[in-house]
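Comments concern the structure below.
The values are calculated or read from the model by the stated rules, or taken from the named source; none is laboratory data. Because the structure is a prediction, the values reported are computed rather than measured. Virtual Cβ from ideal backbone geometry, glycine too; neighbours counted across all protein chains shown.
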Amino acid sequence: MTRPATVGQTATPLLLVGNPNVGKSVIFGALTRRYVTVSNYPGTTVEIARGSGQAIPGNPTVIDTPGANSLTPRSEDEAVTRDMLLAEPDATVIQVGDMKNLRRVLYMTVQLAELGRRQMLVLNLEDEARDLGLDVSTGMLEETLRIPVVATTAVRRLGVRRIPERLAEAASATVLVSYPAPVEEAVSALSQALPATFGDARRGLALMLLAGDARLQGQLSQDGDTATMHMARRLREGLQQALGDSPAIAIAEARHTAVAALLRAVQHGRRRRLSRLRERLGALSVHPLWGIPILALVLLVAYEFVGVLGAGTLVDFIEGRVFGSWLNPAATAVANLLLPWGWARDLFVGQYGLITMGVTYSIAIVLPVVGTFFIFFGILEDSGYLPRLAVMVNRLFRTMGLNGKAVLPMVLGLGCDTMATLTTRILPSRKERVVVTLLLALGVPCSAQLGVILAMLGSISLTGTLIWGAVVLLTLVAVGWAASKVVPGRASDFIIEIPPLRVPSVRNILLKTLARTEWYLKEAVPLFLLGTLILWALAVTGLLPLLEHASEPIVVGILGLPARAADSFLVGFLRRDYGAAGLFLLQKQGQLDHIQAVVSLVVITLFVPCIANFFVMIKERGIKTAVAQTAFIIPFAFAVGGFLNWILRLVSINL
Amino acid sequence: MTVTVQCPLCGARFVGQESCPTGCPMAGGCHSYCCPSCHYRFVEESRLVNWLRRVMKGNQA
Ligand SMILES: Nc1nc2c(ncn2[C@@H]2O[C@H](COP(=O)(O)OP(=O)(O)OP(=O)(O)O)[C@@H](O)[C@H]2O)c(=O)[nH]1
Ligand SMILES: [Mg+2]
Ligand SMILES: [Zn+2]
């Protein structure tokens, strides 16, 4: 069906653009009937492929580009795509996207629209989207964006024919991004200064320049437009001041918000076939009221599974039997046989021996606990409860006056505080980043530590557990609240897509747990050994008793703990779970009564971040902030512990 | 080798190579993926796990 009128239009070149690995080259092949290397690795198309569109009326030139995540490039490949867009100002853009991942697709659509590009949208990988039970309504998208949207399964040539059919309707997409007022002002000033030859692309170019696209700036200065580039730099610096933040982040944030709004509009038309029960349960789990008992139930299961099964049964077996009765005695016998020197025997099998302490702690105590915790965490992830937890925590944060975005780093902190500290980069202002970094370091136990803590709680009473939980939570809320008084929280939206509740697959959970366990062994065991080595060196040189003695006024006097607990706090600097493991063993050996156990747990939870976290704090927040926060946290942790000890003894509670 | 992975938090699929800020001092970035759409970080699967995954898939089919 060739309409003569469209020939003239479609004869303009066609530019295939999209995220990496979404099938651009397959579509290129289909449109040009030419074979291009296609592979399952991203970045396959490093060079630009051109062909004549044999499958399209008028046989226009078709250009394939490398995948890009953003048009404000962060890598050479991405720059190639952006440069192509500028080099072919008249080309019609065929944006190819992954139907499974609309958010990313639309993020690029927004940027293309800002460049004023005539485009259509091809949602490829429809087969995979169907497998996942996603049903994206192209009609809804067309209506919202006002451009042609076509669904394809390119590898099987399904739907590809519709691309040439709809090309004539290509237009610039209708998307509304509302940037903060200072950004808008800078954009309009800058785009007026850009050469008129850029036409409708000027808004997009101005945004790229304001986001600090050095490459583009270089290119434009080469074209002799130095005055405008000076203006761009000045405007950018002005924005940085006005926003108190990098313009790039503000721009990206506004785009994300616009995409989220688009998604909401489109997903109204999205139906998932879910059982009534799952649908109801899913809704209840984020209900402001009913969500709370469900959360409590989840925590109770964690406690039973990790604290009772993992820490009780498994540790008893591995630590008590395997290590206690077989491995450690055997190692001791071997050491006695082979090593005539007392210090060398101590190095391996002494009180601070690499085997009897380092390996025993990491493999016999922490591993079973962390392993069960990983299983539990995997189930939380795969069931789709985790994002719901984020929504629940978000409510708590709102009442604390904190930005809802802080939720993600905090929930992540349960996995690894170090990773979470890195994630605080997504927070919009420096002040918020500082507060969340503090809260993470202060009161969010990482997975390994949480596991060991649950283990200790497992052998105290429920009252003890509740006291621990209440103290930690209260401390977090109080510190967070106080901090947010200093730091006015901007009420920016917390956007997370909530997946349906699913029944996790056993196989996937097991594999995940295996992956995490392997990771734990690689990351943690070396540090456990290092910590043991340090303790051993301190003991051999006679410094350890001195240190213990020096810390007695605090550890024994204020916290009411046995002097040996100081060792645990010492190694807690290296890894939080190592410190917790030391306390756990003290408790198992009957050296801690229940009050002492709760007090020491509160202290180790609030206690300093591990060494990795500390380094990341320095890197992300600067040495001054990192040291200041640590200097606050240590005495603060001991103070809270001391206060709790005093209260519990005062009311002589029976735990 | 690069693989497509799915974020356990928000469900986005992305290419395993691309990641958000790295810089964990542990073991050079501590072998984790970072979801580009929600920034969730999770543990990268090792060759052993990938192999097992394939073997188990093979058995199922
Ligand atoms: N299941 C499925 N696979 C597809 C589809 N389209 C493409 N693929 C596969 O996805 C992979 C990537 O395809 P490419 O065409 O190389 O993707 P690209 O967008 O050109 O990738 P880069 O150039 O690296 O950005 C290949 O293994 C294709 O076989 C589809 O509709 N369904
Ligand atoms: Mg390609
Ligand atoms: Zn994600």
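General observations
- Residue match in the stretch A:369-377 (condition: more than 14 Å from chain B (Cβ to nearest Cβ), modelled with pLDDT under 85, surrounded by 19 or more Cβ atoms within 10 Å (Cβ to Cβ) and in a helix (DSSP H, G or I)): yes
- Every condition in (1) buried (at least 24 other Cβ atoms within 10 Å of the Cβ); (2) at pLDDT 85 or above holds for A:E142 except the one numbered (1).
- Any chance A:P89 is under 24 Å from A:T174 (Cα atoms), modelled with pLDDT under 85, more than 16 Å from ligand 3 (Cβ to nearest atom) and not hydroxyl-bearing (S, T, Y): no
- Test: residue in the stretch A:151-161 that is among the charged types (D, E, K, R) and either within 16 Å of ligand 3 (Cβ to nearest atom) or within 34 Å of the chain's Cα centre (by Cα) (or both): no
- Condition check for A:V96: within 14 Å of ligand 1 (Cβ to nearest atom) and in a helix (DSSP H, G or I): no
- Test: residue in the stretch A:104-116 that is modelled with pLDDT under 85 and either charged (D, E, K, R) or more than 15 Å from A:T153 (Cα to Cα) (or both): no
- Any hit, the stretch A:29-46, residues being near ligand 1 (Cβ under 7 Å from one of its atoms), within 20 Å of A:Q119 (Cβ to Cβ) and modelled with pLDDT of 75 or more: no
- Helices (runs of 4 or more DSSP H) enclosed by the stretch A:573-644 - at least 3 residues per element that are away from chain B (no Cβ under 14 Å): A:576-588, A:594-606
- Of everything in the stretch A:84-104 that is of a type in the set (A, V, I, L, M, F, W, C) and in contact with a Ser or Thr (Cβ under 8 Å, 6 or more places away or on another chain), the residue that is surrounded by the fewest Cβ atoms within 10 Å (Cβ to Cβ) is A:M84.
Condition check ((1) modelled with pLDDT of 75 or more; (2) away from chain B (no Cβ under 14 Å); (3) touching a Phe, Trp or Tyr at 6+ places or on another chain (Cβ under 9 Å)) across all residues:
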| site | (1), (2), (3) |
| --- | --- |
| A:A448 | no, no, yes |
| A:I460 | yes, yes, yes |
| A:V487 | no, yes, no |
| A:I498 | no, no, no |
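- In the stretch A:569-591, the residues that are crowded, with 24+ Cβ neighbours inside 10 Å and either closer than 23 Å to A:L648 by Cβ or in contact with a Cys (Cβ under 6 Å, 6 or more places away or on another chain) (or both): A:F569, A:G572, A:R575, A:R576, A:G579, A:A580, A:G582, A:L583, A:F584
- In the condition set (1) exposed (fewer than 15 other Cβ atoms within 10 Å of the Cβ); (2) closer than 25 Å to A:L396 by Cβ, A:Y303 is compliant with all but (1).
- Within the stretch A:107-190, helices (runs of 4 or more DSSP H) holding 1 or more residues that are small (G, A, S): A:126-131, A:138-145
- Residue match in the stretch A:549-565 (condition: crowded, with 21+ Cβ neighbours inside 10 Å, more than 15 Å from A:V452 (Cα to Cα) and among the β-branched types (V, I, T)): yes
Matching residues to (1) surrounded by fewer than 18 Cβ atoms within 10 Å (Cβ to Cβ); (2) of a type in the set (G, A, S); (3) touching a residue at least 12 places away in the same chain (Cβ under 8 Å):
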{"residue": "A:M208", "(1), (2), (3)": "no, no, yes"}
{"residue": "A:S246", "(1), (2), (3)": "yes, yes, yes"}
{"residue": "A:R264", "(1), (2), (3)": "yes, no, no"}
{"residue": "A:A296", "(1), (2), (3)": "yes, yes, no"}
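- Selection of first residues in the stretch A:120-142 that are of a type in the set (G, A, S) and of second residues that are crowded, with 16+ Cβ neighbours inside 10 Å, restricted to Cβ pairs under 7 Å at least 6 apart or on distinct chains, gives the following pairs, ordered by first then second residue: A:A129/A:M99; A:A129/A:K100; A:A129/A:V136; A:S137/A:V266.
- Sole residue being closer than 20 Å to A:D577 by Cα and either buried (at least 18 other Cβ atoms within 10 Å of the Cβ) or of a type in the set (G, A, S) (or both), chosen from A:G350, A:G320: A:G320
- Within the stretch A:57-81, considering residues that are closer than 24 Å to A:A113 by Cα and over 28 Å from the mean Cα position of the chain (by Cα), the one modelled with the lowest pLDDT: A:V80
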